[in-house]
Amino acid sequence: MGAKQENGDPEDILPPTEQELSHELDMKVKKYLRGEGADLEVLKDKKLKGQLYDRESLYGKSAKAAAKTEKWLLPSEGGYLEAEGIEKTWRIKQDTIGREVDISSAKNQYDIVLPDFGPYTLDFTSSGRYMAAAGRKGHLAIVDTKNMSLIKEMQVRETVRDVVFLHNELFFAAAQKKYPYIYNRDGVELHCLKEHGAVTRLQFLKNHFLLASINKFGQLRYQDVTMGEMIGNFRTGLGRTDVMQANPFNGVVALGHSGGTVSMWKPTSAVPLVKMLCHPGPITAMAFHPDGHLMATSGKEKKIKIWDVRKFEVLQTIRGHAKTLDFSQKGLLAAGTGSFVQVFGDFSGSRNYSRYMGHSIVKGYQIGKVAFRPYEDVLGIGHSMGWSSILIPGSGEPNFDTWLANPFETTKQRREKEIHSLLDKLPPETIMLDPSKIGTVKSAKKKEKPTKMEMEVDMEAAVEAAKGTAIKKKTKGRNKPSKIAVKKKEIVVRAKKPFLDQQMKEEEKVAKKKQKISEEISLPTALQRFARKKATE
(Lines give C-alpha, C1' and ligand atoms only; values in the text may rest on other atoms or scores of the structure.)
Protein backbone atom coordinates (compact mmCIF):
# COMPACT_ATOMS: atom_id res chain seq x y z
CA MET A 1 0.00 0.00 0.00
CA GLY A 2 1.27 3.46 -0.83
CA ALA A 3 0.33 6.81 -2.24
CA LYS A 4 1.67 8.87 -5.09
CA GLN A 5 3.24 12.20 -4.36
CA GLU A 6 1.52 15.36 -5.45
CA ASN A 7 3.89 15.85 -8.40
CA GLY A 8 2.31 12.82 -9.99
CA ASP A 9 5.51 10.83 -10.60
CA PRO A 10 4.54 7.14 -10.60
CA GLU A 11 8.03 6.06 -9.42
CA ASP A 12 7.91 8.09 -6.18
CA ILE A 13 5.65 6.14 -3.86
CA LEU A 14 5.31 7.10 -0.18
CA PRO A 15 4.61 4.60 2.65
CA PRO A 16 1.42 5.31 4.70
CA THR A 17 3.34 6.74 7.70
CA GLU A 18 5.35 9.13 5.51
CA GLN A 19 2.16 10.02 3.65
CA GLU A 20 0.58 11.12 6.94
CA LEU A 21 3.67 13.14 7.86
CA SER A 22 3.69 14.79 4.44
CA HIS A 23 0.00 15.66 4.73
CA GLU A 24 0.55 17.10 8.24
CA LEU A 25 3.50 19.14 6.95
CA ASP A 26 1.38 20.49 4.09
CA MET A 27 -1.27 21.64 6.57
CA LYS A 28 1.37 23.49 8.57
CA VAL A 29 2.82 25.07 5.41
CA LYS A 30 -0.63 26.48 4.55
CA LYS A 31 -0.74 28.11 7.98
CA TYR A 32 2.48 30.03 7.29
CA LEU A 33 1.82 30.95 3.65
CA ARG A 34 0.88 34.57 2.98
CA GLY A 35 -2.45 33.78 1.38
CA GLU A 36 -2.96 32.37 -2.10
CA GLY A 37 -0.15 32.80 -4.60
CA ALA A 38 -0.51 35.43 -7.33
CA ASP A 39 -1.45 34.35 -10.87
CA LEU A 40 1.71 35.24 -12.78
CA GLU A 41 0.67 33.80 -16.15
CA VAL A 42 -1.39 36.87 -16.99
CA LEU A 43 1.68 39.13 -16.81
CA LYS A 44 3.31 40.11 -20.11
CA ASP A 45 6.37 41.82 -18.68
CA LYS A 46 8.98 39.05 -18.51
CA LYS A 47 11.27 40.89 -16.12
CA LEU A 48 8.48 41.62 -13.62
CA LYS A 49 7.19 38.08 -14.00
CA GLY A 50 10.62 36.64 -13.14
CA GLN A 51 11.04 38.90 -10.12
CA LEU A 52 7.61 38.00 -8.73
CA TYR A 53 8.22 34.31 -9.42
CA ASP A 54 11.44 34.45 -7.35
CA ARG A 55 9.58 36.29 -4.57
CA GLU A 56 6.78 33.68 -4.48
CA SER A 57 9.28 30.81 -4.35
CA LEU A 58 11.06 32.56 -1.46
CA TYR A 59 7.74 32.83 0.43
CA GLY A 60 7.15 29.13 -0.16
CA LYS A 61 10.60 28.18 1.15
CA SER A 62 10.21 30.32 4.29
CA ALA A 63 6.75 28.83 4.99
CA LYS A 64 8.14 25.30 4.59
CA ALA A 65 11.07 26.09 6.93
CA ALA A 66 8.67 27.52 9.55
CA ALA A 67 6.43 24.44 9.23
CA LYS A 68 9.39 22.08 9.73
CA THR A 69 10.53 24.10 12.74
CA GLU A 70 7.08 23.83 14.31
CA LYS A 71 6.88 20.12 13.55
CA TRP A 72 10.26 18.99 14.84
CA LEU A 73 11.40 21.68 17.30
CA LEU A 74 8.03 22.54 18.85
CA PRO A 75 6.50 19.09 19.35
CA SER A 76 4.40 19.92 22.41
CA GLU A 77 1.22 21.94 22.32
CA GLY A 78 -0.22 23.93 25.19
CA GLY A 79 -3.79 23.39 26.29
CA TYR A 80 -6.34 24.95 28.61
CA LEU A 81 -9.26 23.71 30.62
CA GLU A 82 -12.41 23.57 28.52
CA ALA A 83 -15.87 23.47 30.06
CA GLU A 84 -18.88 21.73 28.53
CA GLY A 85 -22.35 23.22 28.51
CA ILE A 86 -23.07 25.32 31.56
CA GLU A 87 -19.99 24.04 33.39
CA LYS A 88 -17.48 26.70 34.52
CA THR A 89 -13.70 26.15 34.48
CA TRP A 90 -13.26 28.03 37.75
CA ARG A 91 -15.47 25.43 39.50
CA ILE A 92 -13.08 22.59 38.64
CA LYS A 93 -11.13 21.53 41.74
CA GLN A 94 -7.51 20.41 42.00
CA ASP A 95 -8.62 16.92 43.06
CA THR A 96 -10.50 16.52 39.78
CA ILE A 97 -7.51 17.68 37.74
CA GLY A 98 -5.14 15.41 39.70
CA ARG A 99 -7.19 12.30 38.85
CA GLU A 100 -7.01 13.04 35.11
CA VAL A 101 -3.34 13.95 34.61
CA ASP A 102 -0.32 11.66 34.29
CA ILE A 103 1.81 10.56 37.24
CA SER A 104 4.66 13.05 36.63
CA SER A 105 2.22 15.98 36.54
CA ALA A 106 0.33 14.72 39.60
CA LYS A 107 3.60 14.90 41.57
CA ASN A 108 3.45 18.69 41.21
CA GLN A 109 0.43 18.82 43.53
CA TYR A 110 1.68 18.98 47.08
CA ASP A 111 1.61 20.97 50.33
CA ILE A 112 4.66 21.53 52.55
CA VAL A 113 3.53 22.48 56.06
CA LEU A 114 6.16 24.28 58.17
CA PRO A 115 4.14 26.33 60.67
CA ASP A 116 7.13 27.39 62.76
CA PHE A 117 9.01 29.29 60.02
CA GLY A 118 6.38 31.00 57.84
CA PRO A 119 5.17 33.01 56.04
CA TYR A 120 7.16 31.89 52.98
CA THR A 121 8.24 33.61 49.78
CA LEU A 122 9.34 31.72 46.63
CA ASP A 123 11.52 32.19 43.57
CA PHE A 124 12.24 29.94 40.56
CA THR A 125 15.21 29.78 38.23
CA SER A 126 14.63 30.78 34.59
CA SER A 127 14.49 27.07 33.61
CA GLY A 128 11.96 26.23 36.35
CA ARG A 129 14.13 23.38 37.63
CA TYR A 130 15.05 24.84 41.02
CA MET A 131 13.05 26.70 43.63
CA ALA A 132 14.25 28.86 46.53
CA ALA A 133 11.96 29.12 49.55
CA ALA A 134 12.52 31.61 52.36
CA GLY A 135 10.61 31.63 55.65
CA ARG A 136 10.13 34.89 57.49
CA LYS A 137 11.69 33.37 60.61
CA GLY A 138 15.01 32.49 59.00
CA HIS A 139 14.46 29.22 57.10
CA LEU A 140 16.15 29.05 53.64
CA ALA A 141 15.81 26.05 51.32
CA ILE A 142 16.81 25.12 47.74
CA VAL A 143 14.61 22.43 46.15
CA ASP A 144 15.05 20.46 42.90
CA THR A 145 11.46 20.47 41.62
CA LYS A 146 12.10 17.80 38.95
CA ASN A 147 13.30 15.14 41.39
CA MET A 148 11.44 16.62 44.39
CA SER A 149 14.68 16.50 46.36
CA LEU A 150 16.02 18.97 48.91
CA ILE A 151 19.45 20.30 47.84
CA LYS A 152 20.17 22.47 50.87
CA GLU A 153 18.36 24.02 53.81
CA MET A 154 19.63 26.20 56.61
CA GLN A 155 18.48 28.42 59.43
CA VAL A 156 19.98 31.95 59.46
CA ARG A 157 18.29 32.77 62.80
CA GLU A 158 17.02 36.18 61.78
CA THR A 159 14.21 37.72 59.73
CA VAL A 160 14.24 36.99 55.98
CA ARG A 161 12.04 39.29 53.92
CA ASP A 162 12.80 38.15 50.35
CA VAL A 163 14.87 35.70 48.30
CA VAL A 164 15.95 35.76 44.66
CA PHE A 165 18.15 33.58 42.44
CA LEU A 166 21.05 35.23 40.62
CA HIS A 167 22.07 34.19 37.08
CA ASN A 168 21.75 30.44 37.85
CA GLU A 169 20.88 28.06 40.68
CA LEU A 170 24.40 28.18 42.17
CA PHE A 171 23.88 31.59 43.81
CA PHE A 172 20.97 33.28 45.54
CA ALA A 173 20.46 36.47 47.54
CA ALA A 174 18.40 36.77 50.71
CA ALA A 175 17.13 40.04 52.20
CA GLN A 176 17.72 39.53 55.92
CA LYS A 177 17.08 41.67 58.99
CA LYS A 178 19.93 44.19 58.63
CA TYR A 179 21.56 43.49 55.24
CA PRO A 180 21.12 41.33 52.14
CA TYR A 181 23.45 38.32 51.88
CA ILE A 182 24.59 36.27 48.89
CA TYR A 183 24.93 32.48 49.39
CA ASN A 184 26.00 29.64 47.15
CA ARG A 185 24.00 26.46 46.69
CA ASP A 186 25.84 24.76 49.55
CA GLY A 187 24.71 27.45 52.00
CA VAL A 188 28.10 29.16 52.27
CA GLU A 189 27.87 32.92 52.83
CA LEU A 190 29.78 34.66 50.02
CA HIS A 191 28.97 38.36 50.51
CA CYS A 192 27.30 40.69 52.97
CA LEU A 193 26.00 43.77 51.13
CA LYS A 194 26.11 46.31 53.97
CA GLU A 195 25.66 49.32 51.67
CA HIS A 196 22.10 48.22 50.86
CA GLY A 197 20.85 48.43 54.45
CA ALA A 198 17.66 46.75 55.69
CA VAL A 199 16.20 45.61 52.35
CA THR A 200 12.50 44.84 51.91
CA ARG A 201 12.53 43.57 48.28
CA LEU A 202 15.10 42.23 45.80
CA GLN A 203 15.12 41.87 42.01
CA PHE A 204 17.82 40.46 39.74
CA LEU A 205 18.28 41.68 36.16
CA LYS A 206 19.85 38.64 34.53
CA ASN A 207 20.77 40.31 31.20
CA HIS A 208 22.67 43.08 33.02
CA PHE A 209 23.87 41.08 36.07
CA LEU A 210 22.45 43.76 38.36
CA LEU A 211 20.99 43.12 41.80
CA ALA A 212 18.36 45.79 42.57
CA SER A 213 17.09 46.41 46.11
CA ILE A 214 14.76 48.80 47.91
CA ASN A 215 15.28 49.29 51.63
CA LYS A 216 12.90 50.44 54.37
CA PHE A 217 14.05 54.06 53.98
CA GLY A 218 12.96 54.15 50.32
CA GLN A 219 16.48 53.97 48.85
CA LEU A 220 16.88 52.14 45.54
CA ARG A 221 20.27 50.57 44.85
CA TYR A 222 21.77 48.72 41.88
CA GLN A 223 24.87 46.55 42.35
CA ASP A 224 26.83 44.76 39.62
CA VAL A 225 27.32 41.21 40.94
CA THR A 226 30.19 40.47 38.53
CA MET A 227 32.49 43.30 39.64
CA GLY A 228 30.87 44.24 42.96
CA GLU A 229 30.51 47.85 41.84
CA MET A 230 27.59 49.99 43.05
CA ILE A 231 26.02 51.25 39.82
CA GLY A 232 23.19 53.38 41.25
CA ASN A 233 22.07 54.69 44.64
CA PHE A 234 18.91 56.82 44.59
CA ARG A 235 16.53 58.15 47.21
CA THR A 236 13.01 57.72 45.81
CA GLY A 237 11.48 60.34 48.11
CA LEU A 238 8.18 58.42 48.16
CA GLY A 239 8.56 56.57 51.44
CA ARG A 240 8.90 52.92 52.38
CA THR A 241 7.59 50.29 49.98
CA ASP A 242 7.61 46.51 49.69
CA VAL A 243 6.18 46.38 46.14
CA MET A 244 8.94 46.00 43.55
CA GLN A 245 9.00 44.36 40.13
CA ALA A 246 11.36 44.36 37.13
CA ASN A 247 10.05 44.57 33.57
CA PRO A 248 11.49 41.55 31.67
CA PHE A 249 11.28 43.42 28.35
CA ASN A 250 13.49 46.44 29.08
CA GLY A 251 14.97 45.92 32.57
CA VAL A 252 13.17 48.93 34.08
CA VAL A 253 12.41 48.49 37.79
CA ALA A 254 8.94 49.58 38.95
CA LEU A 255 8.07 50.49 42.54
CA GLY A 256 4.56 50.69 44.00
CA HIS A 257 4.10 53.35 46.68
CA SER A 258 1.65 54.08 49.49
CA GLY A 259 0.25 57.12 47.65
CA GLY A 260 -1.06 54.96 44.79
CA THR A 261 1.74 55.90 42.38
CA VAL A 262 4.01 53.59 40.40
CA SER A 263 7.49 54.93 39.62
CA MET A 264 9.81 53.36 37.02
CA TRP A 265 13.58 53.61 37.38
CA LYS A 266 16.82 52.88 35.54
CA PRO A 267 20.30 52.75 37.11
CA THR A 268 21.67 55.74 35.18
CA SER A 269 18.99 58.27 36.22
CA ALA A 270 18.47 59.82 39.66
CA VAL A 271 14.86 60.72 38.81
CA PRO A 272 12.12 58.25 37.79
CA LEU A 273 11.54 57.70 34.08
CA VAL A 274 7.79 57.57 34.69
CA LYS A 275 5.61 58.37 37.67
CA MET A 276 1.97 57.38 37.16
CA LEU A 277 -1.01 57.46 39.51
CA CYS A 278 -2.54 53.99 39.33
CA HIS A 279 -4.80 53.78 42.40
CA PRO A 280 -6.34 56.22 44.89
CA GLY A 281 -4.83 54.24 47.78
CA PRO A 282 -1.65 52.25 48.49
CA ILE A 283 -0.35 49.76 45.90
CA THR A 284 -0.45 46.22 47.32
CA ALA A 285 0.93 44.16 44.41
CA MET A 286 2.32 44.48 40.90
CA ALA A 287 3.36 42.19 38.01
CA PHE A 288 4.57 42.48 34.40
CA HIS A 289 3.52 40.36 31.42
CA PRO A 290 6.43 38.36 29.89
CA ASP A 291 6.28 40.52 26.73
CA GLY A 292 6.72 43.64 28.92
CA HIS A 293 3.77 45.51 27.39
CA LEU A 294 1.21 44.80 30.12
CA MET A 295 1.35 45.64 33.82
CA ALA A 296 -1.09 44.50 36.50
CA THR A 297 -1.48 46.49 39.71
CA SER A 298 -3.64 46.01 42.77
CA GLY A 299 -4.77 48.63 45.28
CA LYS A 300 -6.33 48.78 48.70
CA GLU A 301 -9.62 49.88 47.14
CA LYS A 302 -10.07 46.22 46.02
CA LYS A 303 -9.45 46.70 42.32
CA ILE A 304 -6.98 45.02 39.98
CA LYS A 305 -6.03 47.10 36.94
CA ILE A 306 -4.43 45.94 33.70
CA TRP A 307 -2.26 48.67 32.12
CA ASP A 308 -0.77 49.11 28.67
CA VAL A 309 2.77 50.25 29.53
CA ARG A 310 3.35 51.61 26.00
CA LYS A 311 0.47 54.09 26.27
CA PHE A 312 0.24 54.27 30.09
CA GLU A 313 -3.52 53.76 30.02
CA VAL A 314 -5.91 51.33 31.73
CA LEU A 315 -7.13 48.45 29.55
CA GLN A 316 -9.28 46.68 32.13
CA THR A 317 -10.36 46.95 35.75
CA ILE A 318 -11.19 43.76 37.66
CA ARG A 319 -13.01 43.86 40.97
CA GLY A 320 -11.12 42.09 43.72
CA HIS A 321 -8.24 42.43 46.14
CA ALA A 322 -4.77 40.95 45.63
CA LYS A 323 -1.85 40.86 48.03
CA THR A 324 0.38 39.26 45.38
CA LEU A 325 0.24 39.07 41.57
CA ASP A 326 2.14 37.11 38.92
CA PHE A 327 1.94 36.54 35.16
CA SER A 328 2.68 33.14 33.62
CA GLN A 329 4.70 32.55 30.44
CA LYS A 330 1.46 32.16 28.45
CA GLY A 331 -0.09 35.31 29.93
CA LEU A 332 -2.31 33.93 32.73
CA LEU A 333 -2.61 36.24 35.74
CA ALA A 334 -2.63 34.81 39.28
CA ALA A 335 -3.91 36.90 42.18
CA GLY A 336 -3.65 35.75 45.78
CA THR A 337 -5.26 37.19 48.90
CA GLY A 338 -6.18 35.68 52.25
CA SER A 339 -6.46 31.92 51.68
CA PHE A 340 -7.77 32.11 48.09
CA VAL A 341 -6.04 32.22 44.70
CA GLN A 342 -7.73 33.36 41.49
CA VAL A 343 -6.33 32.88 37.99
CA PHE A 344 -7.47 35.08 35.10
CA GLY A 345 -6.96 34.27 31.43
CA ASP A 346 -7.00 36.17 28.15
CA PHE A 347 -8.18 33.51 25.69
CA SER A 348 -9.51 35.82 22.97
CA GLY A 349 -6.22 37.70 22.52
CA SER A 350 -8.00 41.02 23.01
CA ARG A 351 -6.31 41.79 26.36
CA ASN A 352 -9.61 41.16 28.14
CA TYR A 353 -9.03 38.98 31.20
CA SER A 354 -11.79 36.77 32.57
CA ARG A 355 -11.99 34.32 35.45
CA TYR A 356 -10.28 31.02 34.60
CA MET A 357 -9.52 29.04 37.77
CA GLY A 358 -9.72 29.34 41.52
CA HIS A 359 -8.20 27.49 44.47
CA SER A 360 -8.77 27.70 48.22
CA ILE A 361 -6.07 26.58 50.62
CA VAL A 362 -6.74 25.71 54.26
CA LYS A 363 -8.85 28.37 55.93
CA GLY A 364 -6.70 30.63 58.07
CA TYR A 365 -3.57 30.34 55.93
CA GLN A 366 -2.49 33.74 54.65
CA ILE A 367 -1.01 33.81 51.13
CA GLY A 368 2.11 35.98 50.83
CA LYS A 369 3.47 35.06 47.39
CA VAL A 370 2.30 33.40 44.15
CA ALA A 371 4.81 32.48 41.44
CA PHE A 372 4.32 30.49 38.23
CA ARG A 373 6.93 27.85 37.52
CA PRO A 374 8.50 28.33 34.06
CA TYR A 375 7.91 25.61 31.43
CA GLU A 376 5.41 23.80 33.66
CA ASP A 377 1.68 24.21 34.29
CA VAL A 378 2.38 24.77 37.96
CA LEU A 379 1.69 27.63 40.37
CA GLY A 380 3.73 27.92 43.56
CA ILE A 381 2.01 29.48 46.58
CA GLY A 382 3.94 30.72 49.61
CA HIS A 383 1.74 31.15 52.68
CA SER A 384 1.92 31.55 56.43
CA MET A 385 2.15 27.78 57.10
CA GLY A 386 4.63 26.74 54.37
CA TRP A 387 4.22 26.50 50.63
CA SER A 388 1.97 24.68 48.18
CA SER A 389 2.00 23.73 44.51
CA ILE A 390 -1.08 23.44 42.30
CA LEU A 391 -1.72 22.65 38.62
CA ILE A 392 -2.87 25.44 36.29
CA PRO A 393 -3.32 23.92 32.79
CA GLY A 394 -2.02 26.21 30.03
CA SER A 395 0.15 28.44 32.20
CA GLY A 396 3.63 27.29 31.10
CA GLU A 397 5.41 27.37 27.76
CA PRO A 398 5.26 23.75 26.44
CA ASN A 399 8.55 23.91 24.47
CA PHE A 400 11.80 25.16 25.98
CA ASP A 401 14.80 26.50 24.09
CA THR A 402 17.96 24.82 25.41
CA TRP A 403 20.03 27.90 24.51
CA LEU A 404 17.94 30.07 26.84
CA ALA A 405 16.74 27.81 29.63
CA ASN A 406 17.44 24.08 29.81
CA PRO A 407 15.85 22.22 32.74
CA PHE A 408 18.07 19.20 31.98
CA GLU A 409 21.41 21.00 31.51
CA THR A 410 24.61 19.28 32.58
CA THR A 411 27.44 20.82 34.59
CA LYS A 412 29.45 21.44 31.42
CA GLN A 413 26.48 23.11 29.70
CA ARG A 414 25.91 25.31 32.74
CA ARG A 415 29.55 26.44 32.71
CA GLU A 416 29.41 27.24 29.01
CA LYS A 417 26.14 29.13 29.42
CA GLU A 418 27.56 31.15 32.33
CA ILE A 419 30.58 32.20 30.25
CA HIS A 420 28.41 33.14 27.27
CA SER A 421 26.03 35.15 29.44
CA LEU A 422 28.97 37.07 30.97
CA LEU A 423 30.33 37.83 27.50
CA ASP A 424 26.86 38.98 26.38
CA LYS A 425 26.28 41.07 29.52
CA LEU A 426 24.50 44.34 28.70
CA PRO A 427 25.75 47.66 30.15
CA PRO A 428 23.41 49.58 32.51
CA GLU A 429 22.98 52.33 29.86
CA THR A 430 20.90 49.91 27.74
CA ILE A 431 18.06 49.96 30.30
CA MET A 432 15.40 52.30 28.93
CA LEU A 433 11.65 52.41 28.36
CA ASP A 434 11.98 51.69 24.63
CA PRO A 435 15.01 49.42 24.02
CA SER A 436 14.24 49.34 20.28
CA LYS A 437 15.96 52.76 20.09
CA ILE A 438 19.30 51.07 20.71
CA GLY A 439 21.25 50.99 17.47
CA THR A 440 19.25 53.74 15.77
CA VAL A 441 20.67 57.08 14.66
CA LYS A 442 20.18 59.86 17.21
CA SER A 443 18.17 62.75 15.81
CA ALA A 444 19.96 66.07 15.52
CA LYS A 445 19.18 68.48 18.36
CA LYS A 446 18.03 72.00 17.75
CA LYS A 447 20.81 74.53 17.98
CA GLU A 448 20.85 75.90 21.49
CA LYS A 449 21.14 79.63 22.08
CA PRO A 450 24.62 80.67 23.22
CA THR A 451 24.92 82.10 26.73
CA LYS A 452 25.99 85.68 27.40
CA MET A 453 29.45 84.52 28.45
CA GLU A 454 29.86 82.50 25.23
CA MET A 455 28.77 85.50 23.13
CA GLU A 456 31.36 87.73 24.86
CA VAL A 457 34.11 85.16 24.24
CA ASP A 458 33.15 84.86 20.55
CA MET A 459 33.07 88.65 20.18
CA GLU A 460 36.52 89.02 21.74
CA ALA A 461 37.88 86.34 19.40
CA ALA A 462 36.37 88.13 16.38
CA VAL A 463 37.86 91.47 17.52
CA GLU A 464 41.33 89.92 17.92
CA ALA A 465 41.05 88.39 14.46
CA ALA A 466 39.98 91.77 13.04
CA LYS A 467 42.91 93.57 14.67
CA GLY A 468 45.33 91.18 13.04
CA THR A 469 44.09 91.82 9.49
CA ALA A 470 46.76 93.34 7.22
CA ILE A 471 45.86 96.72 5.65
CA LYS A 472 46.73 97.14 2.01
CA LYS A 473 49.38 99.80 1.37
CA LYS A 474 48.17 102.61 -0.92
CA THR A 475 49.74 105.51 -2.82
CA LYS A 476 51.54 108.45 -1.23
CA GLY A 477 49.18 110.71 0.70
CA ARG A 478 46.56 108.00 1.26
CA ASN A 479 48.71 105.89 3.60
CA LYS A 480 48.83 108.26 6.59
CA PRO A 481 48.89 106.76 10.15
CA SER A 482 45.65 108.58 11.06
CA LYS A 483 43.80 107.02 8.12
CA ILE A 484 45.19 103.57 8.99
CA ALA A 485 43.94 103.95 12.61
CA VAL A 486 40.46 104.94 11.35
CA LYS A 487 40.33 101.90 9.06
CA LYS A 488 41.35 99.58 11.91
CA LYS A 489 38.56 101.01 14.08
CA GLU A 490 36.04 100.43 11.26
CA ILE A 491 37.18 96.81 10.92
CA VAL A 492 36.73 96.24 14.70
CA VAL A 493 33.25 97.86 14.64
CA ARG A 494 32.20 95.67 11.69
CA ALA A 495 33.41 92.57 13.58
CA LYS A 496 31.43 93.56 16.71
CA LYS A 497 28.23 94.55 14.86
CA PRO A 498 26.58 91.07 14.44
CA PHE A 499 27.17 90.22 18.11
CA LEU A 500 25.80 93.55 19.33
CA ASP A 501 22.74 93.24 17.06
CA GLN A 502 22.02 89.78 18.42
CA GLN A 503 22.43 91.04 22.00
CA MET A 504 19.99 93.90 21.36
CA LYS A 505 17.41 91.50 19.91
CA GLU A 506 17.66 89.25 22.97
CA GLU A 507 17.24 92.24 25.30
CA GLU A 508 14.19 93.43 23.33
CA LYS A 509 12.61 89.95 23.59
CA VAL A 510 13.20 89.85 27.36
CA ALA A 511 11.74 93.37 27.77
CA LYS A 512 8.63 92.47 25.74
CA LYS A 513 8.16 89.29 27.76
CA LYS A 514 8.40 91.21 31.05
CA GLN A 515 5.93 93.80 29.75
CA LYS A 516 3.50 91.06 28.71
CA ILE A 517 3.72 89.37 32.09
CA SER A 518 3.19 92.66 33.93
CA GLU A 519 0.13 93.42 31.76
CA GLU A 520 -1.35 89.98 32.46
CA ILE A 521 -1.14 90.57 36.22
CA SER A 522 -4.58 91.77 37.24
CA LEU A 523 -4.56 94.95 39.32
CA PRO A 524 -7.00 95.72 42.11
CA THR A 525 -10.12 97.66 41.10
CA ALA A 526 -8.83 100.83 42.74
CA LEU A 527 -5.62 100.80 40.64
CA GLN A 528 -6.99 99.63 37.28
CA ARG A 529 -7.38 103.24 36.06
CA PHE A 530 -3.59 103.65 36.25
CA ALA A 531 -2.93 100.59 34.06
CA ARG A 532 -1.44 101.14 30.61
CA LYS A 533 -4.13 100.98 27.98
CA LYS A 534 -3.57 99.11 24.71
CA ALA A 535 -3.34 101.25 21.62
CA THR A 536 -6.52 101.02 19.53
CA GLU A 537 -6.14 100.53 15.82
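Take segment 89-433 with all the other protein chains still there, run a 1.4 Å probe, and you get 44 Å² of accessible area per residue. The calculated FRET efficiency for K472 paired with D291, based on their beta-carbon distance and R0 = 45 Å, is about 0.05. Of all lysines in the structure, the ones whose alpha carbon falls short of 16 Å from that of K303, not counting any fewer than 8 places away in one chain, are K323. Counting only complete DSSP H runs, which helices of the chain cover 15 Å or more along their long axis at the Cα atoms and score a mean Kyte-Doolittle of -0.5 or above? Qualifying helices: 452-467. Near G138: Cβ cut-off under 12 Å, other residues only, Lys/Arg at +1 and Asp/Glu at -1. The net charge is +2.
Simple spin-label estimate for T411 and F312 gives 5.1 nm between the two label positions (7 Å along the Cα-to-Cβ direction from each Cα). Our analysis of the chain gives Rg over Rh at 1.17, with the two radii drawn from alpha carbon positions and Rh computed by the Kirkwood formula. Measuring between their Cα centroids, segment 111-181 and segment 393-426 lie 21 Å from each other.
Per Stokes-Einstein, at 4 °C and 1.567 mPa s, what whole-number D in µm² s⁻¹ belongs to segment 199-242, with the Kirkwood radius over Cα pairs as the hydrodynamic radius? Stokes-Einstein gives a translational diffusion coefficient of 122 µm²/s. For trypsin sites (Lys or Arg not before Pro), no site in segment 383-420 is both called loop by DSSP and has at most 11 other Cβ atoms within 10 Å. Here the gap between K275 and Q366, fully extended at 0.36 nm per residue and compared with their Cα-Cα distance, gives a gain of 29.7 nm.
Applying 0.36 nm per residue to the separation of E506 and K323 and subtracting their alpha-carbon distance, the gain on full extension is 60.1 nm. Of the listed pairs K71/K311; K305/K425; K330/K425; K194/K266; K275/K514; K330/K437, which have alpha-carbon separations greater than 29 Å here? Flagged as over cut-off: K71/K311; K305/K425; K275/K514. Using the Cβ-Cβ distance between S350 and T69 with R0 set to 35 Å, the FRET efficiency works out to roughly 0.80.
Within the accessible area of segment 89-433, the carbon and sulfur atoms contribute 50%, probe 1.4 Å, all protein chains present.
Rg/Rh for segment 327-393 stands at 0.98; both radii use Cα atoms, and Rh follows the Kirkwood definition.
The gain in end-to-end length when the K44 to I112 segment is fully stretched comes to 17.0 nm, 0.36 nm per residue minus the alpha carbon separation. Where in segment 210-278 are there chymotrypsin sites (Phe, Trp or Tyr not before Pro) that are in a DSSP coil and have at most 15 other Cβ atoms within 10 angstrom of their Cβ? Taking segment 210-278 and a limit of 15 other Cβ atoms within 10 Å, the loop chymotrypsin sites (Phe, Trp or Tyr not before Pro) found are F217.
The values are calculated or read from the model by the stated rules, or taken from the named source; none is laboratory data. The structure displayed is predicted, hence computed values, not measured ones. Because the Cβ atoms are built from the backbone with ideal geometry, glycine has one as well, and the counts that use them run over all protein chains shown. Side chains are part of the model used for accessible areas, which takes the heavy atoms of the whole protein and leaves out ligands, DNA and RNA. Shrake-Rupley method; radii C 1.70, N 1.55, O 1.52, S 1.80 Å.
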